[in-house]
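Everything on this sheet refers to the single structure shown next.
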Amino acid sequence: MTFAFRRIVPAGLLAASLFALSHSWGPVPAIGPLLDPYHGLWGVARSAALPASGTATIPELTDSVVVLYDDRAVPHIFAATVADAQRALGYVVARDRLFQLELQARATAGRLTEWAGPGALELDRSSRRLALAATADEEYRTLTAESAPVVKALEAFAEGVNAWIEHLDRGDYPIEYHLLDARPERWQPVYSLYLLKRMSQTLSFSRHDRQYPPLADQVGADAARALISRNNPIQEPIVPNGAREPRYDFDPLPPPRLGRTTARAAIRPAPSLSWYPGGEAMDEGEYPVGSNNWAVSPARSATGSALLAGDPHLGLTLPSIWYEVHQIVPDTIDSYGATLIGTPAIVVGFNRYLAWTFTNNSADVVDYYRETVDSTRAPNATLLDGEWQPVQRRIEEYRDQRKRLIHSDTLFRSHRGPMIRDEKGWLSLRWTALEPSRTSQAILDMNLAHDVHQWLRATEGFDVPSQNGLVADRHGNIAIRSLGRVPVRPPDYQFIWDGRTSASDWRGDYPIERLPSAVNPTQGFLASANQQPVDPRVDSTYWGRRWPTPWRAMRIMAHLRRDSAVTVEAMRRWQTDPGSARVEYFMPYLLSAASHTTGDQTADSAAIRAAALLEAWDGRYNLENERGVLFEAVLSQVSQRLWDELRDEHGSPIFYPAEATMAQLMADASSPWWDDRSTARQEGRDDIIHASLVSGLTATLGRYGEPSGGRWRWDRVRRFTIPHLLRLPGLDAAGVANQGGPSTLSPMAMRGSFGSSWRMVVDLGPPIRAWTTYPGGQSGNPASRYYRNRLTAWSAGTLQPVTTPRTPGDMPADSTMARLLLVPSPSD
């Protein structure tokens with residue numbers, strides 16, 4: 001705690017004048033109150049440890065609730081009713097993650113300026129333009145009017161959160177409130193829906209359609225459509241297609257048609273035109289939202305029961321997005337797993353009958369419409385089928401810490417959704433996440449399922465975000481289904497639809513039975529890693545485009561096809577497998593091109609040396625490998641040289657094709673795409689790879705020195721920092737090593753802020769056994785030993801066995817760290 005505090009509050013600041021110690025300076029709180037030993041930062045340290053025993057009141061409880069914390073700081077909640085279990089969950093989550101709860105709600109609602117002032121204005125404006133919170137508010141009103149059961153759950157969770165808040169004095173506030181000079185706000189039930197909307201933004205919002213028009217202007221319509229393809233050229237689908245290996249559908253890529261380019265920089269929307277702050281997160285050319293899961297039937301399991309592995313990849317922060325918990329209500333619920341902070345139920349986990357997990361599904365659930373408006377400056381109506389349709393206006397006001405108005409926006413919404421102005425006029429956005437959803441109810445219902453078929457029925461209302469739901473049960477059944485609404489569009493697909501006609505609008509959703517799915521396949525296993533769900537030769541239905549390159553899926557499927565007696569240990573080991581289908585594919589082309597002579601003896605010698613260094617590598621991204629850094633440097637150079645047509649006048653990339661497209665071009669050595677437009681000669685594939693070997697080696701030597709010095713080791717060149725929620729130095733986890741590389745089963749991206757967020761392996765008994773971990777710890781208090789205590793095991797790929805007592809008496813005494821008794825208010 002002391003070290004972290006020193007990094008936040010430098011010594012020079014502590015030595016400031018008494019005036020500075022008692023007055024605030026803009027967004028910086030007064031220093032004196034922070035040093036108060038009872039009500040300031042030091043109170044945070046006092047509250048870091050769980051008391052061995054305690055009692056607290058939640059007024060709305062109908063009966064007492066026992067919460068036992070095990071030695072991993074996981075709360076086991078024993079309640080008489082489901083509502084009481086949800087109240088207790090709200091209480092324990094707030095105790096460990098109160099600031100995180102409020103930060104998520106404020107970020108979704110666009111209210112960060114009330115904490116951080118004008119510096120957060122653009123984030124807030126972006127959130128409010130997208131109207132996620134407004135949509136959640138409307139959804140909550142609808143659910144309340146319908147008396148949906150989930151409303152009671154959201155209310156119960158909120159009652160638990162607020163009971164914790166009411167127990168606090170200022171000295172108990174999490175450290176972040178002290179640093180922001182803020183106090184916790186009461187939790188509203190609708191805030192849980194804010195979280196689900198925020199997750200939809202992370203997982204299902206896409207700008208691919210808006211990228212097409214300027215890309216077509218730059219390289220031609222045919223080439224642009226191929227780059228934003230509806231089918232991946234490498235097929236290893238989620239739904240089994242009967243194949244025993246991946247299929248490569250490598251047709252020639254249409255050549256770029258240059259010369260009719262518009263302003264190339266227009267492909268990258270200006271920040272003021274973007275709904276998503278910062279645009280899509282890119283790392284080395286691939287979109288990093290990825291996850292892995294797989295299940296094995298009893299016939300291919302060494303234990304004789306079904307096995308399931310879940311490994312969702314999401315944003316990494318301290319504290320984590322997940323919270324591990326066990327909820328027990330006799331004869332009703334006995335679920336263990338990870339809940340998203342703010343959700344009143346287990347999202348990924350298992351009960352006494354089955355286990356489930358998810359990966360992201362990149363279904364196309366977003367469309368843009370070019371609108372004709374009555375006023376370019378401030379539209380009042382849009383034209384539809386020859387008649388004017390009214391436009392809704394909403395005034396949004398942004399205030400600072402002192403409630404002073406700092407900015408206001410007038411936002412417009414057509415009958416389709418939010419409107420935004422670009423260089424050509426006005427666009428409307430239609431997105432499933434901005435329409436009524438039953439996902440919150442589905443999450444509750446799936447916890448109650450007793451077999452695969454009940455779980456599939458329970459998740460029929462899982463509307464957003466689009467996911468691949470994998471489930472396995474004690475009967476030996478395994479199944480997977482694409483969850484989430486997928487709209488039925490007109491047959492003549494357009495990237496930007498003509499908003500003047502209703503013929504452009506969605507025609508409903510695909511029925512649940514049409515969504516990609518598989519139950520108990522003859523091959524005896526299922527796997528998903530965000531790849532295209534269905535082989536287009538089996539089902540040509542349009543589900544989406546720009547599917548991630550299936551390198552991870554290929555690796556998982558190779559393991560599953562090869563092993564007919566899968567063990568729990570193998571399932572765990574595969575989650576951090578350092579092998580790479582990507583390396584296996586590209587390496588032969590790199591090695592072959594080294595023998596391509598250019599007449600430049602120095603360059604030819606360098607290429608041969610680079611190839612020799614690469615050939616000595618086994619292609620595995622383990623921590624001690626000393627060649628992965630060279631491979632990545634060379635492949636990065638290949639990508640940069642190959643896609644020179646996709647650069648603006650400043651030389652910056654304007655579009656990132658999927659690596660599958662580069663793989664496709666490897667099979668076409670003379671494609672015009674290989675030509676280097678900056679030279680007079682016509683280059684081919686081997687010319688570009690040869691030059692990349694030379695420049696990749698030069699760059700690696702220049703940065704790390706000779707390979708014999710140990711400076712090429714993966715654990716030295718590829719370390720990451722998992723950031724604190726507010727990016728506060730000292731409260732992060734710096735220097736984290738990770739076994740894995742780009743497109744392996746355990747990649748890290750974006751300098752450590754994206755990766756494997758939760759790992760779980762479940763053996764579906766009897767008895768059911770499970771092992772879990774995630775990066776970080778249960779507590780959001782940096783002074784707690786449970787703030788980042790799991791990082792070492794997570795980095796090593798180690799899972800910890802979980803404890804699943806049926807009653808408080810079943811909890812081993814030596815595994816019980818703390819006991820909390822929650823009681824209702826005493827009767828008058």
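The values are calculated or read from the model by the stated rules, or taken from the named source; none is laboratory data. Values in this document were obtained by computation on a predicted structure and should not be read as measured data. Ideal geometry is used to build each Cβ from the backbone, glycine not excepted, and the neighbour counts take in all protein chains shown. SASA here: full protein model, heavy atoms, side chains in, ligands and nucleic acids out. Shrake-Rupley method; radii C 1.70, N 1.55, O 1.52, S 1.80 Å.
Using 0.36 nm per residue, how much length does the chain from ILE496 to ARG561 gain when fully extended, once their Cα-Cα distance is taken away?
Net length gain for the segment: 19.2 nm.
Of the chain, which part is the longest with no GluC sites (Glu not before Pro) in a loop (DSSP not H, G, I, E, B) and with at most 13 other C-beta atoms within 10 angstrom?
147-422
Report the label-to-label distance for ASP600 and ASP331 in nanometres (one decimal), using points 7 Å from each Cα along the Cα→Cβ vector.
8.0 nm
Going 7 Å from the Cα of SER375 along its beta-carbon direction, which residues of the stretch 396-414 have the amide nitrogen within less than 20 Å of the resulting point?
Under 20 Å, as judged by backbone N against the label point of SER375, lie 396-397, 408-414 of the stretch 396-414.
Which shape class applies to the chain: rounded if a/c is under 1.5, otherwise prolate when a/b exceeds b/c and oblate if not, where a ≥ b ≥ c are the square roots of the Cα gyration tensor eigenvalues?
Note, shape of the chain comes out rounded.
Explain nothing, just the number: relative contact order of the stretch 630-739, from Cα pairs under 8 Å at least 6 residues apart, as a whole percent.
24 percent
For MET557, what accessible surface area do you get with a 1.4 Å probe? Give it in Å², rounded to 10.
Taking all protein chains as shown, MET557 has close to 10 Å².
Count neighbours as other Cβ atoms within 10 Å of each site's Cβ, and list the trypsin sites (Lys or Arg not before Pro) in the stretch 702-787 that are DSSP loop with at most 11 such neighbours.
Answer by residue number: ARG727.
Using unit Cβ charges (K, R positive; D, E negative) and no other charged atoms, how large, in debye to the nearest 20, is the dipole of the chain about its Cα centre?
Here the size comes out at about 860 debye.
Normalised by the number of residues in the stretch 481-577, what is the relative contact order in percent for Cα pairs under 8 Å and 6+ residues apart?
Across the stretch 481-577, relative contact order equals 23 percent.
Can you give me the long-range amide H partners of ALA733? Hydrogens built in the peptide plane at 1.01 Å from N, cutoff under 5 Å, separation of 5 or more residues or another chain.
It is ILE722, HIS724, by chain and number.
For the stretch 139-191 and the stretch 662-720, what is the separation of their Cα centres, given in Å?
Going from one Cα centre to the other spans 52 Å.
How far apart, in nm, are two points set 7 Å out from the Cα along the Cα-to-Cβ line at ILE395 and at TYR510?
Those two pseudo-labels are separated by 4.5 nm.
Work out the FRET efficiency for GLU706 and GLU584 from their Cβ-Cβ distance, taking R0 = 30 Å, and round it to the nearest 0.05.
0.65
Just to check I understand the Karplus step: with θ = phi - 60° and J = 6.51 cos²θ - 1.76 cosθ + 1.60, what whole-Hz values come out for the stretch 814-826, glycine and proline as x?
Rounded to whole hertz, the list is 6, 9, 8, 8, 7, 10, 10, 9, 9, 10, x, 5, x.
Compute the relative contact order of the stretch 313-399 as a whole-number percentage, counting only Cα pairs closer than 8 Å that sit 6 or more residues apart in sequence.
Over the stretch 313-399, the number comes to 12 percent.
For the stretch 758-768, just list the computed ³J(HN,Hα) in residue order, Karplus coefficients 6.51, -1.76 and 1.60, θ = phi - 60°, integers in Hz, with x standing in for Gly and Pro.
Values per residue, Gly and Pro as x: 6, 10, 8, 10, 10, 9, 7, x, x, x, 5 Hz.
What nm distance separates the two modelled labels at GLU146 and ARG647, each placed 7 Å from Cα along Cα→Cβ?
Spacing of the two 7 Å Cα→Cβ label points: 5.3 nm.
Using R₀ = 45 Å, calculate the FRET efficiency as 1/(1 + (r/R₀)^6) where r is the Cβ-Cβ separation of SER825 and GLN800; round to 0.05.
With R0 = 45 Å, the Cβ-Cβ based efficiency is 0.75.
To the nearest 0.05, what FRET efficiency results for ALA612 and TYR248 with a Förster distance of 35 Å applied to their C-beta separation?
So, using R0 = 35 Å, E works out to roughly 0.80.
Amide H to amide H under 5 Å from ASP334: which residues, 5+ apart in sequence or cross-chain, H placed 1.01 Å off N in plane?
Sorted by chain and number, the residues that satisfy this are VAL329, ARG352.
Taking amide H positions as placed in the peptide plane 1.01 Å from N, state which residues far from VAL348 in sequence (5 or more) or on other chains have amide H under 5 Å from it.
ALA338
In what order, largest first, do MET817, MET419 sit by accessible area if the probe radius is 1.4 Å?
Largest accessible area first, the residues go MET817, MET419.
Of SER437, GLN601, PRO319, which is farthest on the positive side of the dipole of the chain, counting Cα position, with +1 on Lys and Arg Cβ, -1 on Asp and Glu Cβ, and the Cα centre as origin?
Of the listed residues, the answer is GLN601.
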